[in-house]
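**Q** The following block contains the structure, expressed as structure tokens.
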């Protein structure tokens, strides 16, 4: 690591350490079911860090930003890692397929669903619009990964505005199908979220798919999450389909 980036890293982390609030750390521990090292920063805390350091971040070359992001991502602290993802976000217009190996590395060091989803929303979705075929190829690889956060990312990438656009519904359903028997609760919730949001593009099609999942005994973690936005008769029609416990692998 260059001395310039090392010094900036120390400055960023030192600034963040002065903001530590023990109560927020304890609150973050209660919020996360898994043991994750974190400062428990709020959105306003991160804004304060961005306001302080964005001028320095934007002055860096892409290679320097990635060097700093790598150090932040490898920190072992979820809050510091968050700043690394922020560096990728402000660099996303310059990122391309040559950086996929770096993305792989980021997901190898990711901690928790929060940063996984942040990576999807701040980096992957915009790149999916820019280079759909290449990003989809990467997501297909992650869909089969032993890393649960990569598996979650492979479907969460198709949520929110990306889902609403309807451009990727075929691919989203294929990748969701591959994970319907996943043993990880947070991966299944990612599948449910992707299905819920893709209903906004093609409600009838996705509802019929969710009904088929109920008939096949797929975990209710997926199907109940998928129908969160449904009300009245549409919701009742899904719920009246009894899950076949003989088929359920969960």
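Please treat every number below as a calculation from the coordinates, not as lab data. The structure displayed is predicted, hence computed values, not measured ones. Methodologically, a virtual Cβ is constructed for each residue, glycine included, from the backbone with ideal geometry; neighbour enumeration extends over all protein chains shown.
**Q** Starting from the Cα gyration tensor of the stretch 109-197, take the square roots of the eigenvalues, sort them a ≥ b ≥ c, and report rounded, prolate or oblate (rounded when a/c is under 1.5, otherwise prolate if a/b is larger than b/c, else oblate).
**A** Working: a/c = 1.42, a/b = 1.23, b/c = 1.15.
In terms of gyration-tensor shape, rounded.
**Q** Expressed as an acute angle from 0 to 90° and rounded to the nearest 10, what is the orientation of the C-alpha long axis of helix 22-31 relative to the principal long axis of the chain?
**A** 20
**Q** Right, another one. Return one number: the angle in degrees, 0 to 90 and rounded to the nearest 10, between the long axis of the Cα atoms of helix 62-73 and the longest principal axis of the Cα atoms of the chain.
**A** 70
**Q** What does the extension gain come out to for residue 205 and residue 101, with contour length at 0.36 nm per residue minus their alpha carbon separation? Each step should come with its number before you reach the end.
**A** Values: separation 104, 0.36 × 104 = 37.44 nm, distance 3.49 nm.
Going from the current span to full extension adds 33.9 nm.
**Q** Between residue 51 and residue 237, what length comes free when the chain is fully extended (0.36 nm per residue of separation minus the Cα-Cα distance, one decimal in nm)?
**A** Numbers: separation 186, 0.36 × 186 = 66.96 nm, distance 4.95 nm.
So the chain would gain 62.0 nm between residue 51 and residue 237.
**Q** Calculated from DSSP H runs of 4 or more alone, at -39500 (n - 2.57) each and per residue, what is the 222 nm mean residue ellipticity of the chain, nearest 500?
**A** It lands at -20500 deg cm²/dmol.
**Q** Okay, next question. With axes computed from alpha carbons, what is the tilt in degrees of helix 78-90 against the longest principal axis of the chain, rounded to the nearest 10 within 0 to 90?
**A** 90
**Q** Oh, and also: With labels modelled as points extended 7 Å from the Cα through the Cβ direction, what inter-label distance (nm, one decimal) is found for residue 183 paired with residue 2?
**A** That separation, rounded to one decimal, is 4.5 nm.
**Q** From the Cα gyration tensor of the stretch 14-157, with a ≥ b ≥ c the square roots of its eigenvalues, which class applies: rounded if a/c is under 1.5, or else prolate if a/b is larger than b/c, or else oblate?
**A** oblate
**Q** Could I ask something else about it? With a ≥ b ≥ c the root eigenvalues of the C-alpha gyration tensor of the stretch 169-250, is it rounded (a/c under 1.5), prolate (a/b larger than b/c) or oblate? Walk me through the numbers on the way to the answer.
**A** On the way: a/c = 1.66, a/b = 1.09, b/c = 1.52.
It is oblate, given that a/c is not under 1.5 and a/b is not larger than b/c.
**Q** Let me ask something additional. Once label points are set 7 Å from the Cα along Cα→Cβ at both residue 63 and residue 108, what is their separation, rounded to one decimal in nm?
**A** Spacing of the two 7 Å Cα→Cβ label points: 2.2 nm.
**Q** Just rank 48, 236, fewest to most, by other beta-carbon atoms within 10 angstrom.
**A** Working: 48 15, 236 10.
Exposure proxy ranking, most exposed first: 236, 48.
**Q** Given Cα pairs under 8 Å that are at least 6 residues apart, what percent is the relative contact order of the chain? Write down the numbers at each step before the final one.
**A** Working: 294 pairs, mean separation 28.6, N = 250.
Once normalised by length, the contact order is 11 percent.
**Q** Relative contact order of the stretch 104-250: what whole-number percent is it, with Cα pairs under 8 angstrom and at least 6 residues apart?
**A** Taking the mean separation of contacting Cα pairs over the length of the stretch 104-250, I get 19 percent.
**Q** Which distance in nm do the two modelled labels at residue 122 and residue 92 give, with both placed 7 Å along the Cα-to-Cβ direction?
**A** The two pseudo-label positions are separated by 1.0 nm.
**Q** Now a separate question. Can you tell me the length gained on complete extension of the stretch residue 26 to residue 137, counting 0.36 nm per residue apart and subtracting the Cα distance?
**A** Details: separation 111, 0.36 × 111 = 39.96 nm, distance 3.96 nm.
Separation in residues times 0.36 nm, less the Cα-Cα distance, equals 36.0 nm.
**Q** What FRET efficiency, computed as 1/(1 + (r/R0)^6) with R0 = 30 Å and r the Cβ-Cβ distance, is obtained for residue 215 and residue 144, rounded to the nearest 0.05? Write down the numbers at each step before the final one.
**A** Numbers: r = 25 Å, r/R0 = 0.85.
According to the calculation, E is roughly 0.75.
**Q** Below 8 Å between Cα atoms, with a sequence gap of 6+, how large is the relative contact order for the stretch 163-250 in percent? Mind dumping the intermediate values first?
**A** Details: 105 pairs, mean separation 27.8, N = 88.
In percent, rounded to a whole number, it is 32.
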